[in-house]
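J.: Can you keep this structure in mind? I'll have questions shortly.
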Amino acid sequence: MQEITVGIAGAAGDGLDKSGDTLARSSGRMGLHVYAYNSYQSIIRGGHIWLKVRIGNEKVYNHGDNLNVLIALNQDSLERHSLEVNDGGVVIFNSDKFKHDSALQKKSVFSLGLPMAQITKDTVAKYGPLQPIMQNTIALGAVMYLCSLGVEEAKAVLMDTFAHKDQKIVDLNISLLNDGYAYAKSQTKPIMSQWNINAELKKSMLPFITGNEAIALGAVASGCKFYSAYPMTPASTILHWMASHAKQVGVAVKQCEDELSVINMAIGAGIGGVRSMCATAGGGFALMTEAIGMAGIMEVPVVCVEVQRGGPSTGLPTKTEQADLFQVYGASQGEFPKLIVAPTTVSDAYDATVEAFHMADKYQLPALIISDLLLSEHPETVEASKFNMDVKIDRGELVTSWNESMGKYKRYKFTDSGVSPRALPGTANTLYVSPSDDHDEESILISDMYTTPATRKKIMEKRMRKMDNLLKDLTPPKLEGPDDADVTLLCWGSTYGVVKESLELLNKVGIKANLLCIKYIVPFHVKEVMEILNKAKKKYSVEVNFTSQMARFVRSETGIAMDGHINRYDGEPIEPTFIVTKVKGLLTNKPNNTHLTEAEAMDMAYHYLRTHGLESMRPVKFSHESTNGHNEPTWLVEFADKKTGDATAKLKLGAFTGSNHEFVKL
Amino acid sequence: MSTLIELPVETYKGPVDPDWCPGCGDFGVLKALQMASGKLGIAPKDMLIVSGIGCSSNLPGFIHSYGIHSLHGRSIPVATGAHLANTDLHVVVTGGDGDGYGIGLGHLLHAMRRNLNMTYLVMDNQIYGLTTGQASPTTGLGQKTKSTPIGNFENPLNPLALAITSGATFVARGFSGEQKQLSDLIAKAIAHKGFSLVDIFSPCVTYNKVNTYPWFKERVYKLEETDFTTNDFHASLTKAFEWGDKIPLGVLYEVDHPIYEDSDPVLSQGPLVKQKLGLDKKLFTELLQELV
């Protein structure tokens, strides 16, 4: 596969998401695949944002480990990311404003300072002075040249983006794009001479779409008529898509006062007779749990999406994690039938949503979709043909008319399948109450006056029987990769993409590996998973959490324990080489070392500077010191003044605890 | 309502008899609701009674109509969802003061400011009855209950003032002991276009020994027998604070404001449950094209 990764770093409000979007869409229109990841913070302006756009001539499943071109939109970004650029890569920055120290990059990396005033002289003469945000378009022009992407597609994307604006704005942006392109061409060669573009991909439409957009699209394609939500990252973009397309697609969108209201409205709409959905993050879902059980006992079809972010509590609102498995699994008191599905990719998020609506109606139960921030918010190109545009909408066993000669209608009739034909309010002769108390076939409560243990036993059995058939409707998990692998990697959710890529890398270093991805959590394919795991040699779980929740869940369902666990819990998604390193470590029985790496020490050093008003400095040297009164080895970080290079301060960070033991100004 | 055909009260007789304590105020409310429904000629299949949890929230099980007996405090959002799914249904929410003014108060405020076309009947007995007698949000100052053995020292909430200031467009108070007036109030509330709240004194004969039938009978009077007008915000608000020796019953406030359903571009196309489902290929392609 040919590939290039472009990183754009800057502050929130610098407009770098737009640049990334233009780059990605231009590539997609050319028939190239893109996967983008935005490492952002819960802040509207300022802060540090780091967007990676990985472009390949085949499908790319994650943001990868590489960095070929860096666009640094401020001094801080230039310093923090230049060293990450691979050999043969390029660092792009505004040389009118920022100073780049070539010591901060690898030797073979080309430093492309853009003298903005000089480059844009003619454009400014024609269109007037530029706004700071426009430097992005110039840098983008340079990237289009360096990556051999040409300038035509980017122009077309800009024209579409600014279509609603004045023609002058369009012309100005195109002129800036050309300026950047021409300047880069005058300075250096492209980092890749030519793309071998797949003819099929060139022909197909490649929308650049996020997991949340795929979920929203899947919902409306399935006939979702009611969507309720309370704003919460990383689920809010479903609300935004639904609200901005409400009239076009015919979905009533209700922003509620809290998540209690959100789920209860969605359930009410389900009882009222429409397909309904809601979505939230872990914190909002915590408020919803009581009602999930109500949907279970009332046998109401409803779809609820839980997009995981870093927890617990408010946790890391804009960071990814997979630590809500047990929360979703255990949601609500009591036992009731439910579907829990964890999609793996953007197109799978679409399919899982369509399936969730179908199963919710067929089995009259709550269908819970667990996503995560990475899956929900990252955009990637997906061939349009991957989306089933012809969704068959089957509302399940519905009673549309009833007359007295058919006897009394029983809403919760005890049936073999456990599914009781459902009548919607408004239908004649089928009156009933949807009760949150347990009840008999005729929906009369068995909780107060008419307590009957025998009826309770039978209605429990009726409800739970639905799970047997539901399981049969779901595709069992399959092993991906060679059957005779030495290592089997267990994963779920968005981690699937990176694990899939790591198989190839592991193979390259002589480790034959395969993967088992769990998509359906409830009901669970116990037999199939046991068959796979019983044959596996070394079994390692790969999860973005601390306590290996999927590994523990699989053990609880199958009795089979993993031989080791690979975890990341710093808020960032896993990259392929991370898995390779960890698998190697596990295979050679190396203890899991949690000591601060140099990169982590640098991250903490920058954090210290930024939170103590010391941004005139930067860390210049990291060295190990043995125990020196701090009960642990330390990293000695030496700081220098950014302008003069004079030594300014020293920081000692505990190599084990990460504690800031000392900060001394010189 | 132009071709109104009244239905007999027996039309709404539920499958089982209420299990409320003998003498409970809720019997009178159930009867008044059945009378009001008959008066309006609402077919049982077109009526959806939604409740939360509490003695009074058992009501949907005792009336012949569709019903939802939901979670404690969540009747309003459940009812909102069902109503928005099918605006052809007459949605009446029933419950108690603990359910509506305590655990569910947040939802009530927002339903009122949205001016949803629903009716909310609160059987206000100023006590938690089902949990055997603790103080509720409307329990009077100084009243001793199981949870306030030295006397309640939290100010009671004023549901009528709250409703008037929150955007409800029909606010009334009834009394279970004045059944004829109550059924008229409920009928007016259901017929009103917009959010209607009827706070109903519904004495708990078991756990509230202060606010009893005789206690109310001595104090209540009917607003319709005075020259009170119902469309003056400030006058209504002042009236909502009248309490003590004289307590008003009747319609306190009634105005005509736009309802939520008429402003929503999708809901205004008719009941969701009757609308077309899914996307055609052309629209689907357009939606993907936006992302290219």
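J.: Mind listing whichever residues of the stretch A:617-665 are out of contact with any strand residue (DSSP E or B) (no Cβ under 9 Å at 6 or more places or on another chain), under 29 Å from residue A:78 (Cβ atoms) and among the polar types (S, T, N, Q)?
T.: The one that is out of contact with any strand residue (DSSP E or B) (no Cβ under 9 Å at 6 or more places or on another chain), under 29 Å from residue A:78 (Cβ atoms) and among the polar types (S, T, N, Q): A:644.
J.: Out of curiosity, is residue B:244 part of a loop (DSSP other than H, G, I, E, B) and among the small types (Gly, Ala, Ser)? Quick ask: steps written out before the conclusion?
T.: Values: part of a loop (DSSP other than H, G, I, E, B): yes; among the small types (Gly, Ala, Ser): yes.
Judged against the criteria, residue B:244 is a match.
J.: Next question, about the same structure. In contact with a strand residue (DSSP E or B) (Cβ under 6 Å, 6 or more places away or on another chain), farther than 19 Å from residue B:220 by Cα and of a type in the set (Gly, Ala, Ser): does that describe residue B:129?
T.: Judged against the criteria, residue B:129 is not a match.
J.: Tell me the helices (runs of 4 or more DSSP H) entirely within the stretch A:105-201 that contain at least 3 residues that are among the hydroxyl-bearing types (Ser, Thr, Tyr) and over 30 Å from the mean Cα position of the chain (by Cα).
T.: Fully inside the stretch A:105-201 and qualifying: A:167-187.
J.: List the number of the failed condition for residue B:283; all other conditions in (1) surrounded by 20 or more Cβ atoms within 10 Å (Cβ to Cβ); (2) of a type outside the set (Val, Ile, Thr); (3) within 14 Å of chain A (Cβ to nearest Cβ); (4) in a helix (DSSP H, G or I) hold.
T.: Exception for residue B:283: condition (1).
J.: I need the full set of residues from the stretch A:634-651 which are under 28 Å from residue A:594 (Cα atoms) and either at pLDDT below 95 or among the charged types (D, E, K, R) (or both), in order please.
T.: Listed by number, the residues that qualify are A:638, A:650.
J.: Sticking with this one: Take the stretch B:265-280 and flag every residue that is over 27 Å from residue A:382 (Cβ atoms) and either more than 7 Å from chain A (Cβ to nearest Cβ) or surrounded by fewer than 14 Cβ atoms within 10 Å (Cβ to Cβ) (or both).
T.: B:265, B:268, B:269, B:270, B:271, B:274
J.: I'd like the full set of residues that are exposed (fewer than 11 other Cβ atoms within 10 Å of the Cβ) and at pLDDT 90 or above, limited to the stretch A:586-598.
T.: Within the stretch A:586-598, A:588, A:589 meet the criteria.
J.: Residues being over 15 Å from residue A:394 (Cβ atoms) and outside any helix (DSSP H, G or I): count how many of those fall in the stretch A:366-381.
T.: The number of residues fulfilling the criteria is 10.
J.: Here's a check for you: in the stretch B:59-80, which residue that is more than 7 Å from chain A (Cβ to nearest Cβ) and assigned to a helix (DSSP H, G or I) is surrounded by the fewest Cβ atoms within 10 Å (Cβ to Cβ)?
T.: If we take residues in the stretch B:59-80 being more than 7 Å from chain A (Cβ to nearest Cβ) and assigned to a helix (DSSP H, G or I), then B:62 is surrounded by the fewest Cβ atoms within 10 Å (Cβ to Cβ).
Quick grid of which residues meet (1) within 22 Å of the chain's Cα centre (by Cα); (2) within 30 Å of residue A:441 (Cα to Cα); (3) surrounded by 17 or more Cβ atoms within 10 Å (Cβ to Cβ):
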residue: A:485; (1), (2), (3): no, no, yes
residue: A:491; (1), (2), (3): yes, no, yes
residue: A:523; (1), (2), (3): no, yes, yes
residue: A:545; (1), (2), (3): yes, no, yes
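J.: Taking strands (runs of 3 or more DSSP E) that do not extend beyond the stretch A:9-98, which have at least 1 residues that are modelled with pLDDT of 95 or more, assigned by TED's automatic domain parsing to the domain that holds residue A:143 and closer than 24 Å to residue A:495 by Cα?
T.: Details: elements: A:33-39, A:46-56, A:69-72, A:90-94.
Qualifying strands (runs of 3 or more DSSP E): A:33-39, A:46-56.
J.: Might you let me know whether the stretch A:387-398 holds any residue that is within 13 Å of chain B (Cβ to nearest Cβ), part of a strand (DSSP E or B), surrounded by 17 or more Cβ atoms within 10 Å (Cβ to Cβ) and modelled with pLDDT of 95 or more?
T.: No.
The rows are residues; the columns are (1) surrounded by fewer than 24 Cβ atoms within 10 Å (Cβ to Cβ); (2) in contact (Cβ under 8 Å) with a residue 40 or more places away in the chain; (3) of a type outside the set (S, T, N, Q); (4) more than 22 Å from residue A:72 (Cβ to Cβ).
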{"residue": "A:126", "(1), (2), (3), (4)": "yes, yes, yes, yes"}
{"residue": "A:130", "(1), (2), (3), (4)": "yes, yes, yes, no"}
{"residue": "A:133", "(1), (2), (3), (4)": "yes, yes, yes, no"}
{"residue": "A:142", "(1), (2), (3), (4)": "no, yes, yes, no"}
{"residue": "A:156", "(1), (2), (3), (4)": "yes, yes, yes, yes"}
{"residue": "A:159", "(1), (2), (3), (4)": "yes, no, yes, yes"}
{"residue": "A:165", "(1), (2), (3), (4)": "yes, no, yes, yes"}
{"residue": "A:169", "(1), (2), (3), (4)": "yes, no, yes, yes"}
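J.: Same structure, new question: Just to confirm my filter: which strands (runs of 3 or more DSSP E) fall fully inside the stretch A:263-365 and include at least 3 residues that are away from chain B (no Cβ under 13 Å) and in contact with an Asp or Glu (Cβ under 8 Å, 6 or more places away or on another chain)?
T.: In the stretch A:263-365, the matching strands (runs of 3 or more DSSP E) lie at A:275-281, A:302-308.
J.: Another question, if that's okay. Which one is farthest from residue A:551 (Cα to Cα) among residues in the stretch A:475-498 that are among the polar types (S, T, N, Q) and in a loop (DSSP other than H, G, I, E, B)?
T.: That would be A:475.
J.: Looking at this structure, is residue B:101 away from chain A (no Cβ under 14 Å) and either closer than 30 Å to residue A:276 by Cβ or surrounded by 21 or more Cβ atoms within 10 Å (Cβ to Cβ) (or both)?
T.: Yes: the conditions hold for residue B:101.
J.: Here is a follow-up. Applying the selection to the stretch A:407-437, what residues are within 11 Å of chain B (Cβ to nearest Cβ), among the charged types (D, E, K, R) and out of contact with any His (no Cβ under 8 Å at 6 or more places or on another chain)?
T.: A:408, A:411, listed by residue number.
J.: Against the conditions (1) within 14 Å of chain A (Cβ to nearest Cβ); (2) buried (at least 19 other Cβ atoms within 10 Å of the Cβ), where does residue B:35 fall short? Just the number, please.
T.: Going through (1) within 14 Å of chain A (Cβ to nearest Cβ); (2) buried (at least 19 other Cβ atoms within 10 Å of the Cβ) one by one, residue B:35 breaks only (1).
J.: From (1) more than 24 Å from residue A:211 (Cβ to Cβ); (2) in contact (Cβ under 8 Å) with a residue 24 or more places away in the chain; (3) in a helix (DSSP H, G or I); (4) among the basic types (Lys, Arg), pick out the condition that doesn't hold for residue A:472.
T.: Residue A:472 satisfies all of (1) more than 24 Å from residue A:211 (Cβ to Cβ); (2) in contact (Cβ under 8 Å) with a residue 24 or more places away in the chain; (3) in a helix (DSSP H, G or I); (4) among the basic types (Lys, Arg) except (2).
J.: If a residue must be more than 41 Å from the chain's Cα centre (by Cα) and on the phi > 0 side of the Ramachandran plot, how many such residues does the stretch A:383-425 contain?
T.: Total meeting the criteria: 1.
J.: Determine which single condition residue A:258 fails, assuming it passes every other condition in (1) over 30 Å from residue B:283 (Cα atoms); (2) out of contact with any helix residue (DSSP H, G or I) (no Cβ under 6 Å at 6 or more places or on another chain); (3) more than 7 Å from chain B (Cβ to nearest Cβ).
T.: Just one mismatch for residue A:258, condition (3).
J.: Going residue by residue through the stretch B:229-236, is there one that turns out to be assigned to a helix (DSSP H, G or I), away from chain A (no Cβ under 14 Å) and either of a type in the set (Asp, Glu) or surrounded by 13 or more Cβ atoms within 10 Å (Cβ to Cβ) (or both)?
T.: Yes, the conditions are met somewhere in the stretch B:229-236.
J.: Between A:655, A:605, A:647, A:601, which is surrounded by fewer than 17 Cβ atoms within 10 Å (Cβ to Cβ) and among the aliphatic types (A, V, I, L, M)?
T.: A:647
J.: Sticking with this structure for a sec: Any residue in the stretch B:104-115 that's at the interface with chain A (Cβ under 9 Å from one of its Cβ atoms): show its pairings with residues that are surrounded by fewer than 20 Cβ atoms within 10 Å (Cβ to Cβ) and part of a helix (DSSP H, G or I) at Cβ separation under 6 Å, as long as the two are six or more apart or on different chains.
T.: Correct list of pairs: B:109/B:166.
J.: Given the condition more than 27 Å from residue A:436 (Cβ to Cβ), in a strand (DSSP E or B) and either more than 7 Å from chain B (Cβ to nearest Cβ) or touching a Lys or Arg at 6+ places or on another chain (Cβ under 7 Å) (or both), answer yes or no: does some residue in the stretch A:228-241 qualify?
T.: no
The values are calculated or read from the model by the stated rules, or taken from the named source; none is laboratory data. Because the structure is predicted, anything quoted here is derived from the model rather than measured. Using ideal geometry, Cβ is built from the backbone for each residue, glycine included, and neighbour counts are taken over all protein chains shown.
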